[in-house]
Amino acid sequence: MPVDKWQRQNNWLGLATAVVLALCSASAMAQPAVDDVSEKEIERYRAMINDPMANPGYLNVDRGEQLWALKRGAKNASLETCDLGEGPGKLEGAFARLPRHFKDTDKVMDLEQRLLHCMTAIQELDTKDVIARRFSGPGRMSDMEDLVAFIANKSNGLKFAMPVEHPKEKEMYAVGEAMFYRRSAIMDFSCATCHAEEGKRIRLQGLPNFSKPGKPAQETMGSWPTYRVSQSQLRTMQHRLWDCYRQMRMPAPDYASDGVTALTVFMVKQAEGGEITVPSIKR
Amino acid sequence: MTHIRVTALSALAAGMALAALLAAPAHAQQQAIDPVIVDRYVAATWKSTSDEWKARVAQDETQRICTATGNNPPGADFDKTLAREVATVVYPTDGNVLGDWKRGEQVAQRGTGGQFSDTPTTARGGNCYACHQIAPKELSYGTLGPSLVGYGRDRKYDKDEAKKTFAKVFNAMAIVPCSQMPRFGYHKFLTEEQIKDVVGLLFDPESPVNK
């Protein structure tokens, strides 16, 4: 293992302990009167660990870089000619402008949908196994999470500027908004039940307001994909939405489905102008 | 189709007017998109879902009305929704709505059950603390719903209020149409016994809620 990676992992182990302890003590002392104090403490530790050398999410970025250049599939080709919207192989800024309409498929696609398309079209790769490993777990790495981490990281320092101009992009936005407010299932929840007001929380967890453009949406979208300390994995927004629907008692949405892309379009639009700093690290 | 859109539009207009009168938060929601298109996306998103689970994706009439009106059903829809929900409430046959507050606290704490990551036998809870402050000693509570500290005491342990509270937990929309709170009894998510225990937590003078 290269020295820098070894150091990253070891730095990580020490810091992980510090973070977990910090978050535990922060939530233990949290109560209405000291909420601000807790928030500031959590923010201080977030800043402390916001260091590429300490964030294991960068291991996913490194793996994603290798997967991007890896020749595989029936055509023994890499993904390096894949057009993510900025031109074949152009990665800088691609994540900041996704999802978007692609002429070749005449579809609005998010990053995951586009990568699966490139795997099929360029590599002639059977994506069954890739989709089966869409989310990582103990002993199961995810090519998709790694690729998303690598590609999203190439937009670091840039701001969300997704186009909503093509009629199909406009439709996606409108559908995403409608799905955001759509109540269903055995809890009668919609996304808006939890994410339509400022300063609300579930238990002690703050909830970003996505009902209007602004800072909460910008900061949320600008910090995913993220390394989840509680799950010991890098997670994408695709996974976060899957987890939201789980908690809403809805069935799991299909991976890389158009409804998830529509919601993503709505959320990225609300986050317009927000700076991308990924992968971040979260609870 | 045109009819549905016109209805939705007039409902929205009336809803906006009503929103100004009601204190309930109205969502600034656009209903510009044809619901048929939304349904098509929804169907595509849960395409590989089993038939049993697909029932959760479909909206019942109340969920549909609440969605279409930004949770502010106007005039006739308000009355119709209220009447429909009131009719679903099943009270305990012996008339006793007060269960065991200690078990009620467990129901209020538990956040599992009914998720696709759970098994059919996973214990179910109301997860009340996710949204409400309840017993004051529990500091990890959410703020989506109002604080329930002193709930029974504030209502002078009135029997009719306790009965109304049973109805509220059984079906929150039987009290306030399009309430954000889950309809725990209507969906058969919690049992009658569990709902009684939660009412006990809120109404028993010995409950920490009222201490």
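The values are calculated or read from the model by the stated rules, or taken from the named source; none is laboratory data. The structure displayed is predicted, hence computed values, not measured ones. Here Cβ is always computed from backbone atoms with ideal geometry, including for glycine, and neighbour counts include all displayed protein chains.
Taken across the range A:147-164, residues that are of a type in the set (D, E, K, R) and within 14 Å of chain B (Cβ to nearest Cβ) do not occur at all.
Counting residues in the range A:177-184 that are touching a Phe, Trp or Tyr at 6+ places or on another chain (Cβ under 6 Å), surrounded by 22 or more Cβ atoms within 10 Å (Cβ to Cβ) and within 9 Å of chain B (Cβ to nearest Cβ) gives one or more.
Out of everything in the range B:35-53 that is assigned to a helix (DSSP H, G or I) and within 7 Å of another protein chain (Cβ to nearest Cβ), what residue ends up being farthest from A:Y181 (Cα to Cα)? Residue satisfying both the conditions and the ranking: B:W53. Restricted to the range B:55-76, and to residues that are touching a strand residue (DSSP E or B) at 6+ places or on another chain (Cβ under 7 Å) and part of a helix (DSSP H, G or I), which residue is nearest to A:D188 (Cα to Cα)? Within the range B:55-76, the match that is nearest to A:D188 (Cα to Cα) is B:Q63.
The set of residues in the range A:243-283 being touching a strand residue (DSSP E or B) at 6+ places or on another chain (Cβ under 6 Å) and under 16 Å from A:C194 (Cα atoms) consists of A:M248 alone.
Beta carbons closer than 7 Å, at least 6 apart along the sequence or on distinct chains, pair a first residue in the range A:219-234 that is among the aliphatic types (A, V, I, L, M) with a second that is in a loop (DSSP other than H, G, I, E, B) and buried (at least 22 other Cβ atoms within 10 Å of the Cβ) for A:M221/A:F160; A:M221/A:A271; A:M221/A:G274; A:L234/A:P225; A:L234/A:P279. Residues in the range B:77-116 that are more than 14 Å from chain A (Cβ to nearest Cβ), assigned to a helix (DSSP H, G or I) and either at positive phi or of a type in the set (G, A, S) (or both): 2 in all. Among the residues making up the range B:36-76, those that are small (G, A, S) and free of Cβ contacts under 8 Å to residues at least 60 places away in the same chain are B:A43, B:A44, B:S48, B:S50, B:A55, B:A58, B:G70, B:A76.
Here the helices (runs of 4 or more DSSP H) wholly within the range A:188-281 that include at least 1 residues being closer than 28 Å to B:G113 by Cβ and within 14 Å of another protein chain (Cβ to nearest Cβ) are A:191-195, A:237-247, A:258-270. Candidates B:A83, B:A58: the one that is surrounded by fewer than 16 Cβ atoms within 10 Å (Cβ to Cβ), under 28 Å from A:A256 (Cα atoms) and of a type in the set (G, A, S) is B:A58. A single entry from A:D126, A:D143 fulfils the requirement of being buried (at least 21 other Cβ atoms within 10 Å of the Cβ) and farther than 22 Å from B:Y41 by Cβ: A:D143. Please verify whether the range A:133-144 includes one or more residues that are acidic (D, E) and touching a helix residue (DSSP H, G or I) at 6+ places or on another chain (Cβ under 6 Å). Among the residues of the range A:133-144, at least one is acidic (D, E) and touching a helix residue (DSSP H, G or I) at 6+ places or on another chain (Cβ under 6 Å), which makes the answer yes.
Going by the structure shown, is A:V164 surrounded by 23 or more Cβ atoms within 10 Å (Cβ to Cβ), of a type in the set (V, I, T) and either in contact with a helix residue (DSSP H, G or I) (Cβ under 9 Å, 6 or more places away or on another chain) or farther than 30 Å from B:A130 by Cβ (or both)? In short, no.
Looking only at the range B:127-154, residues that are away from chain A (no Cβ under 14 Å), assigned to a loop (DSSP other than H, G, I, E, B) and within 25 Å of B:T88 (Cα to Cα) come to 1 in all. Comparison of A:L241, A:L234, A:L207, A:L263 shows that the only residue that is more than 16 Å from A:F160 (Cβ to Cβ), buried (at least 24 other Cβ atoms within 10 Å of the Cβ) and either under 15 Å from the mean Cα position of the chain (by Cα) or not small (G, A, S) (or both) is A:L234.
So that you can scan it fast, the table gives a plain yes or no per residue for (1) at pLDDT 95 or above; (2) within 20 Å of the chain's Cα centre (by Cα):
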site	(1), (2)
B:Q30	no, no
B:R40	yes, no
B:A44	yes, no
B:A58	yes, yes
B:E61	yes, yes
B:K80	yes, yes
B:V90	yes, yes
B:Q106	yes, yes
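Answer yes or no as to whether A:E219 is surrounded by fewer than 22 Cβ atoms within 10 Å (Cβ to Cβ), in contact with a Phe, Trp or Tyr (Cβ under 7 Å, 6 or more places away or on another chain) and not polar (S, T, N, Q). So A:E219 does not fit the description; no.
Contact map, the range B:77-101: residues that are charged (D, E, K, R) paired with residues that are modelled with pLDDT under 95, Cβ distance under 7 Å, separation 6+ or inter-chain. Pairs shown: B:D77/B:A11.
Only residues that are closer than 14 Å to A:L116 by Cβ and either hydroxyl-bearing (S, T, Y) or over 13 Å from the mean Cα position of the chain (by Cα) (or both) were counted across the range A:135-146, and they come to 2. The set of residues in the range B:161-211 that are charged (D, E, K, R) and under 24 Å from B:F78 (Cα atoms) comprises B:E161, B:K163, B:K164, B:K168, B:R183, B:K188.
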